[in-house]
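Notes follow once the structure below has been shown.
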Amino acid sequence: MMYYLLLILSCYSVTVHAQEYQIPFIVSPAFEESKQLGYALCAHSNSVYKKEHKLGVQAQILRPYDILSYDVFMDWQKPFLTPDSVLSEYTFSGHNTIAYTLIDSLAKEIVLNGALMTIDSISHNGVLLSYNSFTQPYNGEWKCIPGNTLKTKDTNIMTIWYTYKGNGRDGLFVFPKGMYVDQYPGTGPNYVEEKLVYTMSEPEDARIWMPCNDIPNDKARSSITVRVPFKPNDGENNISVAANGNLISIKEGPLSSDIQYRDFYFRDTTLIPTYLMVANASIFKVYSDWYVSDNKKDSIEIINYVWQKDYDGTKTDGSEYNATYSLGMTVGMMKAFTDKLVPYPFKRYGHTSVQPFSFGGMEHQTQTTINRTWLAGKSGYGIAHELMHQWTGDLVTCGTWGDIWLNEGGATWGEALWGESWGGKTEYMNRMLAKRRDYLNINNKNQQPPIYGISIDIIFNYATTYAKSSWIYHMLRTMLGDSLYYSTLHKYMNDYAYGNAITDDFKSTFKKYAPNPKIPYDIFFDQWVMKPGHPILQFASLREFKENNGDTITQYIIQQKQSAINIPNVFHLPFTITFYGENGKKSTQDIIMTDRVYEGYVKLPFRVTKAVIDEQHDILAEKDTVSGVFLSAESDYIPTNCHAIVYSNAIESRIKVFSTESRDVNIHIYTIQGRNIASISESILSNEQKDLLLPDLQEGSYFISIQGMAKPILLNWQHYKQ
Ligand SMILES: [Zn+2]
């Protein structure tokens with residue numbers, strides 16, 4: 001793609017920074033920061049009208065028409081000309097010209113969305129409709145009965161004049177200059193630097209600032225024109241507008257009056273859903289970075305709208321906002337994603353920095369909105385997340401809100417993908433493990449819903465829609481390998497480009513282009529996406545046997561321990577078991593577990609000191625590391641009537657002792673030199689598995705002898721401090 005800046009206006013300065021790809025400055029995970037600052041990525045709170053209008057994903061609206069285009073005009077002079085104080089009500093007038101065709105030729109009514117607005121008048125195919133031909137918005141909807149002006153085969157053109165009236169805190173946001181925002185670590189007290197008006201719509205608030213078909217799968221072409229006050233003598237100290245697509249023109253008027261305005265006209269030539277449409281206005285500094293592809297064939301302009309103070313910031317220690325430093329990383333991110341995915345799908349990109357903003361960032365098509373706090377230089381992962389959305393969310397949009405995990409899982413996985421571009425596999429896994437922790441921490445006691453098919457009120461829950469969903473992408477990658485995974489992801493992005501995909505489309509793309517996976521896709525998606533929870537894997541046994549020929553065989557038994565309503569009793573899992581011996585000896589075995597218990601045998605050239613389930617983190621699971629093996633005196637593989645095993649996790653080591661008969665046992669821990677350093681006495685009931693905490697020991701090798709069992713047990717045990 002080539003993009004030339006055709007429009008050069010003296011009153012609209014564009015500064016260009018040549019940016020080379022560089023090692024990023026980011027270390028702190030965006031989510032950690034988001035938690036500190038009390039907002040989430042791309043999430044949206046309940047808005048005014050939704051308290052009475054809750055739409056379940058299963059009740060996806062199918063309307064009998066297809067919108068082809070929106071041409072929105074909004075006159076924002078009034079909110080800008082109000083005094084600089086917080087008002088209880090703001091108002092603006094606008095009109096939206098909608099081109100549409102009927103899908104159902106028998107349809108008589110056109111139901112559209114709208115909220116916090118009055119419909120003033122409607123022109124339908126050039127005919128002004130009477131007032132009783134349309135209703136006023138109620139519960140987020142209204143309808144129009146075009147009568148005999150309706151064309152059943154051709155394109156219909158409908159212009160709706162409307163007036164917004166609201167408190168500027170939902171869908172449309174208005175903040176006066178000088179308003180106190182909050183106290184943030186590093187940057188201190190924050191104030192609104194310039195009067196600010198912006199829209200924020202996901203999932204269902206576009207209807208607050210324009211009448212529309214407010215569902216994600218009726219994508220249309222769009223233009224947005226916003227009228228804002230203009231003072232010719234104030235030069236650059238004038239209001240600018242940022243919206244989707246390209247700025248086509250800025251028109252001034254009326255030239256004779258004292259109060260003048262400018263109309264900023266943006267057009268997006270690619271299809272867009274309503275929730276990704278945006279308009280922002282303030283006295284912004286506007287400047288550009290450029291991404292130029294390695295072969296110099298593609299160049300993408302990244303146009304940033306920030307407050308002058310943040311553009312002027314020079315510090316890089318987080319003590320002030322520094323837009324050029326913080327957003328400069330976008331060039332490298334675009335290279336990272338373009339290298340791994342399909343080419344950047346739009347003609348340009350950019351950010352608008354706003355504050356206050358209840359969220360971290362929002363992936364508005366070609367013009368992401370970010371929280372101003374991201375300009376402190378510590379939110380690279382957030383900036384990468386929003387850029388990744390241009391592929392997962394904007395190029396391919398979730399078909400329903402129930403499929404939002406395709407958007408958010410992709411963008412969250414994209415954070416790790418960007419990490420991999422500069423920090424290799426280590427940084428990739430660091431990021432994925434941070435998401436794993438986020439999921440497991442929030443999912444405490446299995447309270448979380450499944451990824452798919454949940455109510456719209458909870459679709460932005462972090463644990464599943466973001467963290468667990470990112471692992472769906474990761475697990476497909478580890479199951480298929482990079483080559484097949486990426487080629488299939490490319491097919492998905494090409495096959496559904498500029499359209500929508502539902503979960504079944506995603507699944508069928510993998511079925512088609514990456515057949516015969518280790519775990520059948522129907523099982524994979526059912527257990528991970530349709531059902532809640534995750535597997536918990538434990539070693540039930542790890543023993544060594546001497547064969548008659550003198551060879552040593554290691555037997556291991558792994559159990560799935562998850563147990564809760566709706567959580568799969570059995571997960572089908574491909575993973576690796578890693579066995580360690582003395583002096584760094586190591587061996588791995590790949591298994592596919594399709595039952596609650598897996599029993600395996602391996603002939604190893606060393607004594608096992610430690611065994612780890614899924615050390616590479618190919619699957620999302622809670623899992624044990626086990627150290628030490630039970631030395632069996634038997635020569636066959638029949639499980640004994642008593643056994644013991646030592647488990648370690650990050651915090652502690654425990655010993656589990658099992659016996660088919662009740663007995664008193666004495667457990668003695670010896671150093672490798674034979675000094676007894678701890679003893680535990682316990683009574684075990686028949687068929688009881690006793691779980692005992694071991695004393696806190698220094699890292700090293702120990703013997704554990706267990707007396708009182710049917711046969712004495714001696715464990716050679718390597719204790720790790722993790
Ligand atoms: Zn997101």
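Take the Cβ atoms of Phe703 and Asp495, set R0 to 56 Å, and the FRET efficiency comes out at 0.40. Per residue, the chain exposes an accessible area of 39 Å² to a 1.4 Å probe, with every protein chain left in place. Each residue, Glu252 and Arg654, gets one label point 7 Å from its Cα in the Cβ direction; the gap between the two is 7.5 nm. Bridging of Lys315 to lysines at a Cα separation below 23 Å is possible for Lys285, Lys378, once same-chain residues fewer than 8 apart are set aside. Summing charges over all other residues whose Cβ lies under 9 Å from the Cβ of Ile684, with Lys and Arg as +1 and Asp and Glu as -1, gives -2. Based on Cα contacts under 8 Å between residues 6+ apart, the chain shows a relative contact order of 9 percent.
Mean separation of Cα pairs under 8 Å and 6 or more residues apart, divided by the residue count, gives segment 401-530 a relative contact order of 31 percent.
Taking only Cα atoms, what is the 0 to 90° angle, nearest 10, from helix 482-495's long axis to the longest principal axis of the chain? Computed tilt is about 30 degrees. Along its three principal directions, the equivalent ellipsoid of segment 401-530 from the Cα gyration tensor extends over semi-axes of 21, 19, 14 Å, largest first. Counted by Cβ distance under 14 Å from Pro83, the other residues give a net charge of +1, where Lys and Arg count +1 and Asp and Glu count -1.
Calculated FRET efficiency, Asp696 to Glu547, Cβ-Cβ distance, R0 = 30 Å: about 0.20 to the nearest 0.05. The helix-only estimate of mean residue ellipticity at 222 nm for the chain, built from DSSP H runs of length n ≥ 4 each weighted as -39500 (n - 2.57), is -5500 deg cm²/dmol after division by the residue total. For the peptides 489-496, 282-289, the ranking by mean Cβ contacts within 10 Å, running from highest to lowest, is 282-289, 489-496. Charge dipole (Cα centre; +1 on Lys/Arg Cβ, -1 on Asp/Glu Cβ; no other charges) of the chain amounts to roughly 400 debye.
Highest average first, the peptides 259-265, 398-404, 661-667 ordered by how many other beta carbon atoms sit within 10 Å of their residues are 398-404, 259-265, 661-667. To the nearest 0.05, what FRET efficiency results for Ser293 and Ser483 with a Förster distance of 22 Å applied to their C-beta separation? That gives a FRET efficiency of 0.50. The residues neighbouring Glu320, those whose beta-carbon lies less than 11 Å from its own, together hold a net charge of -1 under the Lys/Arg +1, Asp/Glu -1 convention. Anisotropy class assigned to segment 241-345 is oblate, per the alpha carbon gyration tensor with a/c at or over the 1.5 cut-off and a/b no larger than b/c. A P(r) calculated from all alpha carbon pairs of segment 284-409, with 5 Å bins opening at zero, reads 2, 11, 21, 24, 19, 13, 8, 2, 0 percent. Using a probe radius of 1.4 angstrom, the carbon and sulfur fraction of the accessible surface of the chain is 51%.
Between Asp590 and Phe606, the modelled labels are 2.2 nm apart [label points 7 Å from Cα along Cα→Cβ]. At a Cα cut-off below 30 Å, give the lysines reachable from Lys143, other chains included and same-chain residues fewer than 8 away excluded. Leaving aside lysines fewer than 8 places away in the same chain, those within reach of Lys143 are Lys50, Lys51, Lys54, Lys78, Lys108, Lys151, Lys153, Lys165, Lys219. Relative protection proxy for 673-680, 222-229, from highest mean packing down: 222-229, 673-680 (other beta-carbon atoms within 10 angstrom). Measure nothing but the geometry: give the 0 to 90° angle between the long axis through the Cα atoms of 380-389 and the longest principal axis through the Cα atoms of the chain, rounded to 10°. Between helix and principal axis, roughly 70 degrees. Remark on the chain: Rg and Dmax equal 30.6, 105 Å (Cα only). Pull up the DSSP beta bridges for the chain and report the antiparallel fraction as a percent, rounded to 5. Given both bridge residues lie in the chain, the antiparallel proportion sits at roughly 85 percent.
The values are calculated or read from the model by the stated rules, or taken from the named source; none is laboratory data. Note that the coordinates shown come from a computational prediction; the quantities given were computed from them, not determined experimentally. Positions of Cβ are backbone-derived with ideal geometry, glycine not excepted, and every protein chain shown enters the neighbour counts. Surface accessibility is based on the protein's heavy atoms, side chains included, excluding ligands, DNA and RNA. Shrake-Rupley method; radii C 1.70, N 1.55, O 1.52, S 1.80 Å.
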